[in-house]
1. Mind checking which residues of region 111-148 are of a type in the set (Phe, Trp, Tyr) and touching a Ser or Thr at 6+ places or on another chain (Cβ under 8 Å)?
2. Inside region 119-161, can you point out the residues that are under 27 Å from ALA57 (Cβ atoms) and small (Gly, Ala, Ser)?
3. Being open to solvent by 60 Å² or more (accessible area, probe 1.4 Å), polar (S, T, N, Q), in a helix (DSSP H, G or I) and closer than 29 Å to ILE94 by Cα narrows it down to one residue among GLN23, GLN10; which is it?
4. With the structure loaded, tell me whether ASP131 is acidic (Asp, Glu) and within 24 Å of SER67 (Cβ to Cβ) or whether it fails that test.
5. Name the pairs whose Cβ atoms lie under 7 Å apart, with the first residue in region 94-113 and without any contact (Cβ under 8 Å) to a residue 60 or more places away in the chain, the second assigned to a loop (DSSP other than H, G, I, E, B) and not hydroxyl-bearing (Ser, Thr, Tyr), and 6 or more positions between them or separate chains?
6. Given the criteria at pLDDT 95 or above and open to solvent by 100 Å² or more (accessible area, probe 1.4 Å), does VAL164 qualify?
7. Go through (1) of a type outside the set (Phe, Trp, Tyr); (2) under 18 Å from ASP106 (Cα atoms); (3) in contact with an Asp or Glu (Cβ under 6 Å, 6 or more places away or on another chain) for SER67 and report which single condition fails.
8. Looking only at residues that are within 28 Å of CYS150 (Cα to Cα) and open to solvent by 50 Å² or more (accessible area, probe 1.4 Å) in region 34-53, which one is modelled with the highest pLDDT?
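The values are calculated or read from the model by the stated rules, or taken from the named source; none is laboratory data. What you are looking at is a predicted structure, and each value in this text was computed from that prediction instead of being measured. Quick reminder, even Gly has a Cβ in these numbers, built from the backbone with ideal geometry, and neighbours come from all protein chains shown. Keep in mind that these areas ignore ligands, DNA and RNA; they rest on the heavy atoms of the full protein, side chains included. Shrake-Rupley method; radii C 1.70, N 1.55, O 1.52, S 1.80 Å.
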Amino acid sequence: MDAGELREVQAPLKERYREDPAQALITLRANAELDGLGISCKVETGRAVVEAGLHPATGGDGSLACSGDMLLEALVACSGVTLRAVATSLGLEIRGGTVRAEGDLDFRGTLGVDKSAPVGFQAIRLSFDLDTDASEEQLATLRKLTERYCVVYQTLRTPPEIEVRLA
């Protein structure tokens, strides 16, 4: 897909959202099944079912997906797709590359070993190693716009209000 094709696909969507902002408000959903077998849940991804369980640092055996890893994978996927779309829009050629995310966790918090230890990621590092001839200025613009338009990145940077219900 080139910049013209991307604009052609997105133009009617942008126009519809300008005319009727309510059309742009979409609720995404994720579901998981707790089947009673072990400490795990089956997450429907829309393409496959992923079974998530405990990380080995919390007692898991490593055979199931870890939700912390899945969060980083979502960040890598979203930022990679966003970077590609932004590069296409800017007319920058990205021949290939890698996107990496890594995050630091103190498992004392999630295991309740130390009540003062945080639960959750304390730091996340996102990096792109790109095969491109783009200039430093173009890369700076690419980074800025990727950060601005990546849904997962922005959600992590500015967390939304979260409502939890238990029935």
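1. Within region 111-148, the first condition is being of a type in the set (Phe, Trp, Tyr), and the residues that meet it are 121, 128.
Answer for region 111-148, where residues must be of a type in the set (Phe, Trp, Tyr) and touching a Ser or Thr at 6+ places or on another chain (Cβ under 8 Å): just PHE128.
2. Hits for region 119-161 are GLY120, ALA123, SER127.
3. Values: GLN23 fails: closer than 29 Å to ILE94 by Cα.
Criteria check complete, one pass: GLN10.
4. no
5. ASP106/ALA117; ASP106/PRO118; ARG108/ASP114; ARG108/ALA117; GLY109/ALA117; GLY109/PRO118; GLY109/VAL119; THR110/VAL119
6. In short, yes.
7. Single failed check for SER67: (3).
8. Out of the qualifying residues, it is GLU51.
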